[in-house]
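Engineer: Provided herewith is a single structure, encoded as structure tokens, for subsequent inquiry.
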Amino acid sequence: MSASRSTAELGSKLQSRTNNAPTPQKPQNEGLKGFLAAPAIKKRFEEVLDKRAPQFMSSMLNLYTADANLQKCEPMSVIASCMVAATLDLPVDKNLGYAWIVPYKGRATFQLGYKGYIQLALRTGQYKSINVTEVYEGELVVWNRLTEEFVIDFEAKTSDKVIGYAGYFELVNGFRKTVYWTKEEIEAHRKQYSKTDYGWKLDYDAMAMKTVIRNMLSKWGILSIEMQMGYSEDVDPRKTIEIQPDGSVIEMENPVWQLEPVDGAGEMDFEGAAAGG
């Protein structure tokens with residue numbers, strides 16, 4: 001066998017291997033990264049966040065890359081949901097608990113975390129203090145269901161079992177409100193309103209505390225212009241916003257947020273359609 005023939009055969013085999021080699025997989029975040037690189041999309045985030053836009057968009061990519069379920073959603077729905085968080089000036093890092101981007105039936109939806117509700121309330125300047133917490137077995141001393149007043153002894157905890165959740169706020173004008181939900185009430189609410197268990201499986205206590213504080217604020221709290229705009233004007237709760245690759249925005253009737261009654265009251269529920277509660 002001649003050297004030239006051997007070289008030709010080797011080249012033929014290498015070419016054959018190249019042709020038969022599997023196509024390299026694109027990084028999971030390449031689709032979203034490509035959309036975020038579009039000048040029109042970058043401009044919209046810069047208009048909302050100014051110099052903080054690059055950092056926020058980087059956190060979007062990190063969120064998307066780390067969540068396999070989110071990667072199955074339409075990239076533009078992820079961007080639209082994150083834009084809601086940007087408009088409210090809330091981070092999308094789910095570990096922080098201010099706002100979550102939740103996958104639901106192939107689309108991403110925006111969802112406020114309980115810390116997001118607290119943050120928006122504090123920005124009004126009307127709240128002297130506001131908080132929500134788990135109540136463990138042995139801590140609840142007295143609870144009046146009518147007045148919703150209760151006494152909790154945090155030193156009397158007998159186990160790590162959570163039996164309920166307590167919310168509290170005081171306005172600068174002196175008005176105070178406390179609420180208490182049993183674990184059974186939270187679970188009944190979850191079963192009635194949740195569309196998926198995604199958020200509840202990630203952090204049950206966080207979702208439960210969000211339910212308590214949202215209910216409390218919607219019934220007895222003060223909603224500032226910023227909060228009302230964040231809830232109803234920046235994103236109409238009856239519609240889904242879609243940001244197009246060219247930066248334009250369209251509205252669709254398939255809702256991301258919905259209005260639902262809670263415990264017979266005309267409460268506005270700004271829960272994402274993905275999780276309810």
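Engineer: Separation between the Leu122 and Ala38 pseudo-spin-labels, each 7 Å from Cα along Cα→Cβ, expressed in nm?
Structural biologist: About 3.6 nm, to one decimal.
Engineer: For an R0 of 30 angstrom, estimate the FRET efficiency from the Cβ-Cβ distance between Lys219 and Asp93 and round to the nearest 0.05. Mind dumping the intermediate values first?
Structural biologist: Numbers: r = 30 Å, r/R0 = 0.98.
Once the sixth-power term is evaluated, E becomes 0.50.
Engineer: With Cβ to Cβ distances under 15 Å as the rule, what net charge do the other residues near Lys128 carry (K, R +1; D, E -1)? Write out the running numbers ahead of the final one.
Structural biologist: Working: positive: Arg123, Arg176, Lys177; negative: Glu170.
Around Lys128, the charge tally is +2.
Engineer: With θ set to phi - 60°, apply the Karplus curve 6.51 cos²θ - 1.76 cosθ + 1.60 along the stretch 76-91 and write out the HN-Hα couplings as whole Hz, x wherever there is a Gly or Pro.
Structural biologist: 5, 6, 5, 5, 4, 5, 5, 5, 4, 4, 5, 4, 8, 6, 10, x
Engineer: Could you work out the percent of alpha carbon pairs in the stretch 115-224 separated by over 21 Å, rounded to a whole number?
Structural biologist: Numbers: 2301 of 5995 pairs.
Of the Cα pairs, 38 percent sit more than 21 Å apart.
Engineer: Can you find, among Leu140, Leu96, Gly106, the residue sitting farthest towards the positive end of the charge dipole of the stretch 42-182, where Lys and Arg contribute +1 and Asp and Glu -1 at Cβ?
Structural biologist: The listed residue farthest towards the positive side: Gly106.
Engineer: Ranked by Cβ crowding within 10 angstrom, fewest neighbours first, how are Val162, Val141 ordered?
Structural biologist: Details: Val162 16, Val141 10.
Final ranking by Cβ density, sparse to dense: Val141, Val162.
Engineer: Whole percent per 10 Å bin, from 0 to the bin with the longest distance: what is P(r) over all C-alpha pairs of the stretch 57-158?
Structural biologist: For the stretch 57-158, the pair-distance distribution reads 14, 32, 23, 20, 11.
Engineer: If R₀ is 41 angstrom, what is the calculated FRET efficiency for the pair Ala68 and Glu184, using the beta carbon separation as r and rounding to 0.05? Write down the numbers at each step before the final one.
Structural biologist: Numbers: r = 33 Å, r/R0 = 0.81.
With R0 = 41 Å, the Cβ-Cβ based efficiency is 0.80.
Engineer: Give me the net charge of Val142's neighbourhood, meaning all other residues with Cβ under 13 Å from the Cβ of Val142; Lys, Arg count +1, Asp, Glu -1. Spell out each step's value before the answer.
Structural biologist: Working: positive: Arg145; negative: Glu139, Glu148, Glu149, Asp153.
Around Val142, the charge tally is -3.
Engineer: Taking N as the number of residues in the stretch 63-122, what is its alpha-carbon radius of gyration divided by 2.2 N^0.38 Å?
Structural biologist: Values: Rg = 11.1 Å, N = 60, 2.2 N^0.38 = 10.4 Å.
Compared with the compact-globule rule of thumb, the stretch 63-122 sits at 1.07.
Rule-based calculations on the coordinates, nothing more; no lab input. The shown structure was predicted, so the numbers you read here are calculated from the model rather than taken from an experiment. Neighbour counts run over all protein chains shown; Cβ positions are idealised from the backbone, glycine included.
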